[in-house]
Every structure is written in C-alpha cells, then in structure tokens.
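Undergrad: What follows is a structure written as structure tokens; I'll ask about it next.
The values are calculated or read from the model by the stated rules, or taken from the named source; none is laboratory data. Small disclaimer: the values here were computed from a predicted structure and weren't measured. Here Cβ is always computed from backbone atoms with ideal geometry, including for glycine, and neighbour counts include all displayed protein chains. The protein model used for the area step is the full one, side chains on, heavy atoms only, and it has no ligands, DNA or RNA in it. Shrake-Rupley method; radii C 1.70, N 1.55, O 1.52, S 1.80 Å.
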Amino acid sequence: MEALSSSSARPSCRLLAAAVLLLAASLLPLARADDPYRFYTWNVTFGDIYPLGVKQEGILINGQFPGPQIDAVTNDNIIVNVFNNLPVPFLLSWQGIQQRRSSWQDGVYGTNCPIPPGGNFTYNMQFKDQIGSYYYFPSLLFHKAAGGYGGIRVLSRPRIPVPFDPPASDFTILAGDWFKLNHTDLKGILDSGNDLPFPDGLLINGQGSNGNRFTVDQGKTYRFRVSNVGIATSVNIRIQGHSMLLVEVEGSHTMQTTFTSIDIHLGQSYSFLVTADQPPADYSIIVSTRFTTPVLTTTAILHYSNANGAATVPPPPTPTTEIDFSLNQARSIRWNLTASGPRPNPQGSYHYGLVNTTRTIRLANSRATINGKLRYAVNSISFIPADTPLKVADFYNISGVFTLGSMPDNPTGGGAYLQTSVMAANMREYVEIIFENTENFVQSWHIDGYAFWVVGMDGGPWTPASRQGYNLRDAIARYTLQVYPQSWTAIYMPLDNVGMWNVRSESWARQYLGQQFYLRVYSPANSWRDENPIPKNALLCGRASGRRTRPL
C-alpha cells in the first residue's frame with residue numbers, strides 16, 4: 001500500500017483532531033471524578049406523632065420524624081428521589097443550599113410545580129462551593145408545622161484545613177416551637193383571617209423535654225450544629241456548666257468566640273464546640289423562646305459516658321426579653337478572614353467592602369388588613385401565589401402570570417394590597433439591601449440562592465448616614481438575618497446566581513400571609529454558563545401543562 005502524501009494526510013489529521021476535541025467536550029460534564037454522587041430515596045407519608053404528648057398528623061420521611069440527615073462534602077452531587085405518598089401536593093426546599101445556576105431545584109412554589117399525590121420528583125443538586133450547617137423543610141401549604149424537616153451538614157474536603165481540631169463527634173440539634181393543633185387547623189386559622197395562637201412548646205429533634213441524650217466522653221470536644229426549624233419564635237440555647245465556642249454560622253467560619261448562651265432566630269443555623277471538661281454527670285441542654293411572654297423551655301441531656309448522676313451546678317439563667325444582649329451578640333459575630341472556606345483560599349480573599357454597590361433596595365415589613373382579613377406585606381405588597389410557578393412561566397414566556405418590576409425598590413408608604421410581586425435584577429449587580437422593621441416583633445428574613453454579608457444593624461430608622469457604621473472588613477456571610485423591633489439590618493449581596501429566588505419572612509404565618517416576594521436575577525446571555533437548562537424531569541403545571549422540557 002502506498003504511503004499517503006503529507007498533503008493528503010493533513011485533512012484527515014484535522015478531522016481526527018476535531019473529532020477527539022468534540023468527544024472530549026461532550027464528556028466534560030461527566031468527567032467529575034472529584035465530585036462524588038450521593039443517592040437518597042425518600043418516601044413522604046403522614047403518620048401519627050406525639051411530640052408534646054398529644055396525637056397529631058405529622059409528615060414522616062421514610063417513617064422518620066425528623067427526617068433522615070444528609071451528610072455531604074463540598075461539591076458533592078446530591079440526588080434525592082422524593083415519592084409523595086400524601087393525599088396533597090408536596091415540595092421540599094433546602095435552607096441555605098444555594099443551587100448555583102439552578103433555581104430549578106429550589107423547591108418552593110415560585111420555582112417548582114408541586115409533586116402531585118402519588119407522584120415523585122428527583123432533585124439533582126450540587127453543593128457547589130459550600131460548607132457548613134443547613135436543613136431541609138416542606139415548603140407548600142402549611143406543611144412546615146407538621147414536621148418533614150431534617151439536617152444537612154456539608155464538610156470541607158479532606159485537603160482543605162478547618163480552623164479547629166477535628167471534634168470527637170458531630171451532633172445535630174433541630175430546635176423550634178411547636179403547636180398541639182394539627183397543621184391543617186393552623187392553616188385554617190390563617191385562612192380565616194386570624195393570627196396563630198402562642199406555641200404550646202418547644203421540640204429538640206422532634207422530642208419534648210429530655211427526649212434526647214447526647215453522650216460524650218470526659219475530656220473530649222464535640223461539635224453541635226443547631227438550627228431553628230420553628231415557625232414562630234426565636235430561641236436561645238445554653239448548656240448547664242459548659243461554655244460554647246462559636247466556630248461556624250450558616251456556611252462561614254467565624255472568629256472563635258466563647259458564649260454562655262446563643263440566640264438563634266427563625267431559619268438560622270449555628271455551629272459551636274463544647275468540651276466535656278466538667279465532673280462526670282448528666283447536664284441539661286436548655287432551649288428557651290426569646291422575646292416572648294411567657295417563656296417556653298425544653299431540655300435535652302448532655303450525658304457523660306462515665307456519669308453516675310445528675311449535675312449539681314445551677315442551670316444557666318433564662319435570658320430576658322430585652323433585645324440589647326441579642327443585638328450586641330449579633331454584632332460581635334465576625335468572619336474568620338484567614339480560615340479557608342470551601343476552597344483553600346482564605347474567606348477574606350474577596351474584599352466585599354471595597355466593591356461599590358450599584359443599587360440600594362429598602363424593604364419594609366408591615367401588618368395589614370385586606371378584604372377584612374389579616375395579611376402581611378413587603379413595601380405595601382402582600383404576595384399571592386400565581387396559578388403557575390413564576391420560574392416556569394418565565395422560561396416559557398407565559399404572559400399574565402406576573403409583572404416584572406412589580407416589587408418596588410423602596411417602601412411606598414401607601415396602603416397594603418395583594419399582588420404576585422417580582423423584583424427585577426440583573427446578573428452581576430452588587431446590591432445593598434436594607435430591611436426596615438417598624439413593628440414590635442423580631443423579623444427573620446431568608447434569601448434563597450445566596451449568601452450575603454450582614455454589614456450593619458441598629459435601632460431606629462435607617463438613613464444614608466447609617467452607612468458610616470457599616471462593618472466593611474469582617475462582617476459575617478450568611479443566608480438568614482434578623483431585624484430587631486424598631487430597627488434595621490443592612491446587607492451587601494453580589495447578584496451572581498441567575499434564577500427566580502424567594503425572599504421571605506421565616507415567621508411562617510407571615511410568609512404564608514404575604515410577607516415574601518421573588519427576585520428575578522437575569523442574564524441576557526441566555527447561556528448554560530450562567531444557568532442550567534430546564535431539567536428534563538421538571539414537573540409542569542398550571543398554564544405550562546402539556547409543554548415539553550428540553551430534549552436530551
């Protein structure tokens with residue numbers, strides 16, 4: 001056979017090279033050997049629970065209340081196949097998980113069609129560039145008052161140093177208020193135009209007083225991750241005879257500060273170390289409501305493995321209803337600028353305080369009566385859900401579902417009204433958001449899809465002069481913030497995650513009755529680099545029923 005001439009060989013080589021490059025490009029999404037997959041199958045059912053000694057209809061996941069914990073490592077791919085065996089639609093949302101480039105997985109009604117009774121949906125999430133303490137919860141109807149929640153902990157990759165020695169064990173505490181009324185009765189109270197009654201008690205991991213025991217060995221140090229999964233009240237946690245070394249708040253390593261008690265507001269998560277350095281005994285882990293009259297309290301047991309009786313030291317005092325302690329504690333929490341975060345570079349390598357903001361947004365909460373019923377509002381708008389999830393309607397260009405820009409950037413001062421409110425925003429804006437609270441109730445706010453820097457909080461009205469007191473060096477980055485009565489809280493947030501994101505009150509009655517809206521972060525590039533395409537398994541409902549997802 002004659003050898004090919006050099007001139008005839010060139011086109012073939014080019015074609016071969018092109019084919020190899022094309023094949024390599026097609027395999028890129030699959031070539032993620034360093035990003036493991038973790039698979040979960042969850043069956044969601046109603047079941048009888050007795051958390052306060054009264055039979056109730058609770059939401060169980062695989063027969064458990066609380067549900068199974070998700071243990072992961074930074075950048076893990078989490079596949080959760082959820083089978084809805086309830087007689088009503090259902091959704092799960094993932095508190096603090098940013099769903100980078102994929103609000104399709106957020107699990108709130110503004111982004112996802114509900115899982116119908118007897119149906120299933122597979123969440124496909126990557127815990128991209130995140131560490132820390134999170135949780136999941138049911139987001140539809142008033143299901144959050146029925147359980148269905150569970151913990152999420154995301155560990156650092158083995159080669160990335162953590163700014164403290166490995167603890168002997170890692171405990172999760174899901175604490176929060178609870179009602180003896182079934183969730184359907186609570187929903188009915190709100191639907192009738194009334195507010196919720198005062199909670200009946202507090203739970204720790206689904207149990208009442210001393211229903212949980214955490215066993216420790218004398219001389220060793222343990223990590224506790226505590227989330228407030230309640231629907232109505234802030235809580236305070238303290239441990240008899242022991243101090244708590246705060247090390248992480250909602251995905252950020254903190255400067256390590258010792259506290260005797262820590263306030264945890266609705267939706268928030270804190271992580272602290274406890275050293276078993278006391279005489280062997282059983283000590284009380286105490287959780288109480290904050291800023292309430294009366295004060296509700298529940299306990300768990302910190303059990304030394306060599307204990308032979310109850311501790312004799314006095315229990316720590318119950319915090320007062322004054323906000324000064326809580327405000328000063330919140331201000332004292334600082335970002336650890338030298339610790340590695342999800343990546344090996346220091347947390348403080350991004351100088352958030354040196355970036356000029358491009359937009360200021362002021363959000364004022366209010367209580368109102370509309371059509372004779374109790375409602376809550378943001379900038380005078382009380383949110384009402386549309387007949388089609390907003391993200392789905394936006395993707396298919398379905399008109400009449402919402403009006404972009406219907407949520408104003410500033411309080412209007414006018415009377416409250418009902419609307420499906422959506423704020424327009426552009427990718428790569430760097431926004432200052434001020435949450436203003438003129439009520440006598442502690443507010444707690446969450447923004448899906450993001451972490452943000454809490455740069456300031458203080459009493460009285462916010463003015464431009466308030467910026468002079470901002471912390472532009474080591475403010476903590478987190479995903480849930482509190483606003484004290486007659487006060488304001490300011491955050492800085494880079495809009496670097498395209499999607500339709502829920503901004504909501506973590507007081508679930510307020511959220512349910514309108515204290516929420518959606519932030520649409522838009523990129524004109526319409527590129528997969530900025531946002532993943534609609535999942536092939538996306539559920540479609542409302543005006544999007546019968547449409548097709550992307551062909552694969």
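Undergrad: When only residues in the range 261-279 that are over 22 Å from PRO166 (Cβ atoms) and assigned to a loop (DSSP other than H, G, I, E, B) count, which is most open to solvent (accessible area, probe 1.4 Å)?
TA: Only one residue fits best here, namely PRO279.
Undergrad: Looking at the range 536-552 only, could you name the residues that are closer than 11 Å to TRP104 by Cβ, open to solvent by less than 40 Å² (accessible area, probe 1.4 Å) and at pLDDT 95 or above?
TA: Selection gives ALA538 alone.
Undergrad: Is it the case that ILE160 is hydrophobic (A, V, I, L, M, F, W, C), over 29 Å from ASN85 (Cβ atoms), in contact (Cβ under 8 Å) with a residue 24 or more places away in the chain and surrounded by 15 or more Cβ atoms within 10 Å (Cβ to Cβ)?
TA: It is true that ILE160 is hydrophobic (A, V, I, L, M, F, W, C), over 29 Å from ASN85 (Cβ atoms), in contact (Cβ under 8 Å) with a residue 24 or more places away in the chain and surrounded by 15 or more Cβ atoms within 10 Å (Cβ to Cβ).
Undergrad: Scan the range 354-372 and report the pairs whose first residue is under 18 Å from PHE517 (Cα atoms) and without any contact (Cβ under 8 Å) to a residue 60 or more places away in the chain and whose second residue is open to solvent by 50 Å² or more (accessible area, probe 1.4 Å) and in a strand (DSSP E or B), with Cβ atoms within less than 8 Å and a gap of 6+ or a chain change.
TA: ILE370/TYR417; ILE370/LEU418
Undergrad: Further question: Does the range 172-184 include one or more residues that are of a type in the set (Lys, Arg), within 20 Å of the chain's Cα centre (by Cα) and open to solvent by 10 Å² or more (accessible area, probe 1.4 Å)?
TA: No; the residues of the range 172-184 include none that is of a type in the set (Lys, Arg), within 20 Å of the chain's Cα centre (by Cα) and open to solvent by 10 Å² or more (accessible area, probe 1.4 Å).
Undergrad: Would the range 280-297 turn up any residue that is assigned to a loop (DSSP other than H, G, I, E, B), over 24 Å from ARG334 (Cα atoms), of a type in the set (Asp, Glu) and in the same structural domain as MET244 (by the TED database)?
TA: No: the range 280-297 contains no residue that is assigned to a loop (DSSP other than H, G, I, E, B), over 24 Å from ARG334 (Cα atoms), of a type in the set (Asp, Glu) and in the same structural domain as MET244 (by the TED database).
Undergrad: Same structure, new question: Of all residues in the range 191-219, which are surrounded by fewer than 18 Cβ atoms within 10 Å (Cβ to Cβ) and hydrophobic (A, V, I, L, M, F, W, C)?
TA: Hit for the range 191-219 is PHE198, nothing else.
Residues checked against (1) open to solvent by 10 Å² or more (accessible area, probe 1.4 Å); (2) on the phi > 0 side of the Ramachandran plot; (3) among the aromatic types (Phe, Trp, Tyr):
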position	(1), (2), (3)
THR74	no, no, no
SER103	no, no, no
ASN112	yes, no, no
TYR135	no, no, yes
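Undergrad: Based on this model, can you work out whether PRO317 counts as farther than 20 Å from LEU481 by Cα and either in contact (Cβ under 8 Å) with a residue 24 or more places away in the chain or in a strand (DSSP E or B) (or both)? Talk me through it step by step, then tell me what you get.
TA: Details: farther than 20 Å from LEU481 by Cα: yes; either in contact (Cβ under 8 Å) with a residue 24 or more places away in the chain or in a strand (DSSP E or B) (or both): no.
No: the conditions fail for PRO317.
Undergrad: Note down all Cβ pairs under 7 Å where the first residue falls in the range 94-121 and is in the same structural domain as GLN516 (by the TED database), the second is of a type in the set (Gly, Ala, Ser) and open to solvent by less than 10 Å² (accessible area, probe 1.4 Å), and they're at least six residues apart or on different chains.
TA: The qualifying pairs do not exist here.
Undergrad: Do you know which of the residues in the range 356-391 that are of a type in the set (D, E, K, R) and outside any strand (DSSP E or B) is nearest to GLY415 (Cα to Cα)?
TA: Among them, the one singled out is ASP387.
Undergrad: If you take the residues in the range 515-524 that are surrounded by fewer than 24 Cβ atoms within 10 Å (Cβ to Cβ) and over 17 Å from ASP106 (Cα atoms), which one is modelled with the lowest pLDDT?
TA: That would be PRO524.
Undergrad: Looking at (1) in contact (Cβ under 8 Å) with a residue 24 or more places away in the chain; (2) open to solvent by 30 Å² or more (accessible area, probe 1.4 Å), which is the one condition that is false for THR258?
TA: So THR258 meets the others, but not (1).
Undergrad: Please find, among GLN482, GLN511, the residue that is outside any loop (DSSP other than H, G, I, E, B) and out of contact with any helix residue (DSSP H, G or I) (no Cβ under 8 Å at 6 or more places or on another chain).
TA: GLN511
Undergrad: So the check is Cβ under 8 Å with 6+ separation or different chains; which pairs have a first residue in the range 42-65 that's touching a residue at least 60 places away in the same chain (Cβ under 8 Å) and acidic (Asp, Glu) and a second one that's surrounded by fewer than 21 Cβ atoms within 10 Å (Cβ to Cβ) and in a strand (DSSP E or B)?
TA: GLU57/PHE46; GLU57/GLY47; GLU57/ASP48; GLU57/ILE49
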